[in-house]
Amino acid sequence: MSTVDASAPGSVAERLRTWEWVYLGYLLFVLAQPYFTPDRAWWEWPLAFSVCAITVVLYALALLRGRSSRQIWISIVPMAVVGALATPFNTNASVLFIYAAAAAGNTLTRDAARLWFVGLTALDGVTVLVSRVPMPYRLWGFVPPLVLIWVIGLLEIRQRDRRQEQENERLRSSQVELLATITERERIARDLHDLLGHSLTAVVMRAQLTRELVLADPERARAEAEEIERNAREALSAVRSTVTGWRRTSIRAELEAARRALAGAGVRLRVDYDDHLILVATTEHELGLALREAVTNVARHARASACHIGVDADGERVRLVIADDGIGGDAPEGTGLTGLRERVAKLGGAVRRTGSAGTTLTITVPVEVAG
């Protein structure tokens with residue numbers, strides 16, 4: 001005897017078009033008493049039809065309101081009152097106590113609903129004592145509600161709890177989906193920043209060099225223009241891969257890209273790389289992006305003449321060091337370094353930056369995460 005949720009979408013007509021009207025079939029018991037009574041009084045049929053009509057109206061209001069907080073005054077109390085007034089004259093009108101119990105189980109809290117079940121049971125007992133219906137017909141209307149008030153009411157509580165669990169599960173799923181979407185957006189934003197910052201810096205510096213070489217050294221200018229085209233194509237391919245989510249990089253690939261980018265900026269590069277070092281793909285990808293961000297900063301801001309990149313490991317951690325002999329300083333960190341720290345922190349690592357003589361960026365990651 002559950003009722004639909006009033007908050008569900010749809011017009012009034014749609015909410016009333018429900019199979020739950022079938023539960024009103026129990027009202028046939030109310031009409032059965034005057035039908036089977038041999039010496040019925042003149043008022044028995046009007047009473048039975050009045051009870052049925054009032055119940056239909058209250059039930060329709062319950063369907064419209066659903067699990068509204070006003071349900072107690074819309075259906076529960078009116079059905080209990082009508083049942084209490086009619087049952088002494090029509091013992092089968094006690095079916096209204098069952099309707100009231102179903103509405104209470106569907107809308108009230110567990111404790112409040114159980115209190116209503118107790119009250120409806122007591123009301124059913126009182127009406128049987130004051131009933132004008134002769135025995136044993138009086139008991140036929142008293143005993144079934146005595147049981148069904150609790151059976152139907154507790155089933156409604158169980159169904160309501162199940163609906164609530166399903167709603168909570170949908171809410172949790174929606175929250176997980178939202179967090180996944182936000183995380184993916186942040187990933188794409190970080191990757192695009194790292195990617196475009198590095199690639200566009202290389203393109204800009206080579207374009208400046210090409211402009212200076214056009215008249216002085218046309219052959220070298222042509223080579224630089226070809227390098228610009230290649231960098232642009234690589235950036236376009238990487239952007240597409242980043243958006244689709246499957247782009248992966250490696251430290252060796254980033255070292256080669258760093259060599260080209262720093263050469264275009266006139267910076268000498270020295271690399272010390274442990275050839276025996278083996279990293280898992282996720283860690284190498286993050287360290288590769290960190291290397292890209294650091295090299296971009298060297299090319300763009302350091303005004304350096306030399307840069308050293310070291311990659312090694314000891315028994316506890318993997319270390320990536322990028323050091324330049326540029327202007328150094330304690331300038332505030334931009335979004336690139338902030339994103340770099342976030343990437344490394346997710347691996348359980350740390351980033352240390354010193355700028356007394358040039359700038360040295362030291363990135364460490366636990367060896368159990370990296371290997």
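Rolling a 1.4 Å probe over the protein chains gives TYR26 an accessible area of about 100 Å².
If you wrap the tightest convex hull around every Cα atom of the chain and split its volume per residue, you get 209 Å³.
Remark: relative contact order (the chain) = 10 percent; criterion is Cα-Cα distance under 8 angstrom and separation of 6 or more residues. Hydrodynamic analysis of region 74-230 uses the Kirkwood radius over alpha carbon pairs. Inserted into Stokes-Einstein at 37 °C and 0.692 mPa s, it gives a translational diffusion coefficient of 152 µm²/s.
Net charge of the neighbourhood of ALA113, taken over other residues with C-beta under 10 Å away and scored Lys/Arg +1, Asp/Glu -1, is +1. Here each label is just a point 7 Å from Cα along the line to Cβ, and for ALA306 and GLN166 those points are 7.2 nm apart. Available extension along the chain between ALA223 and GLN159 is 15.6 nm, counting 0.36 nm per residue and deducting the alpha carbon span.
Sorting PHE142, PHE36, PHE89, PHE97 by solvent-accessible area of protein heavy atoms yields PHE36, PHE89, PHE142, PHE97, largest first, with a 1.4 Å probe.
Each peptide among 52-60, 255-263 gets the average number of other Cβ atoms lying within 10 Å of its residues, and from highest to lowest they stand as 255-263, 52-60. Antiparallel beta bridges, as assigned by DSSP with both residues in region 241-371, represent about 75 percent of the total such bridges. Where a ≥ b ≥ c are the square roots of the eigenvalues of the C-alpha gyration tensor, would you call region 243-352 rounded, which needs a/c under 1.5, or, failing that, prolate if a/b is larger than b/c, or oblate? Rounded, since a/c falls under 1.5. With the biggest extent put first, the Cα atoms of region 287-371 measure 36, 24, 20 Å across the principal axes. Can you compute the label reach from VAL204? Point 7 Å from Cα along the Cβ direction, backbone N cut-off under 16 Å, restricted to region 319-337. From region 319-337, the list is 334-337.
Take the Cβ atoms of TRP73 and LEU178, set R0 to 30 Å, and the FRET efficiency comes out at 0.20. Per residue of the chain, the DSSP helices (runs of n ≥ 4 H) give a summed -39500 (n - 2.57) that works out to -21500 deg cm²/dmol at 222 nm. Take the Cα of VAL271, step 7 Å toward its Cβ, do the same at THR354, and the gap between the two points is 2.5 nm. In order along region 157-168, phi translates into HN-Hα couplings of 4, 5, 5, 5, 4, 5, 4, 5, 4, 5, 5, 5 Hz, rounded to whole numbers, per the Karplus curve 6.51 cos²θ - 1.76 cosθ + 1.60 with θ = phi - 60° and x for Gly and Pro. Taking the DSSP beta bridges with both ends in the chain, the antiparallel portion is around 75 percent. Ranking ASP217, ASP314, ASP324, ASP111 from most to least accessible surface, computed with a 1.4 Å probe over the protein chains only, gives ASP111, ASP314, ASP217, ASP324.
Once the Cα atoms are used to define both axes, helix 251-264 deviates from the longest principal axis of the chain by about 50 degrees. Report the net charge of residues surrounding LEU262, where surrounding means a beta-carbon distance below 15 angstrom and charges are Lys +1, Arg +1, Asp -1, Glu -1. Residues near LEU262 contribute +1 overall. Semi-axes of the equivalent ellipsoid of region 25-138 are 26, 16, 9 Å, computed as sqrt(5λ) over the eigenvalues of the C-alpha gyration tensor in descending order. Put a dot 7 Å past the Cα of ASP111, heading toward its Cβ, do the same for THR282, and the two dots end up 4.5 nm apart.
The values are calculated or read from the model by the stated rules, or taken from the named source; none is laboratory data. A quick note: this is a predicted structure, and the numbers were derived from the prediction, not measured. With ideal geometry, Cβ positions are generated from the backbone for all residues, glycine too; neighbour counts draw on all protein chains shown. Heads up: the accessible areas ignore ligands, DNA and RNA and are worked out on the full protein's heavy atoms, side chains in. Shrake-Rupley method; radii C 1.70, N 1.55, O 1.52, S 1.80 Å.
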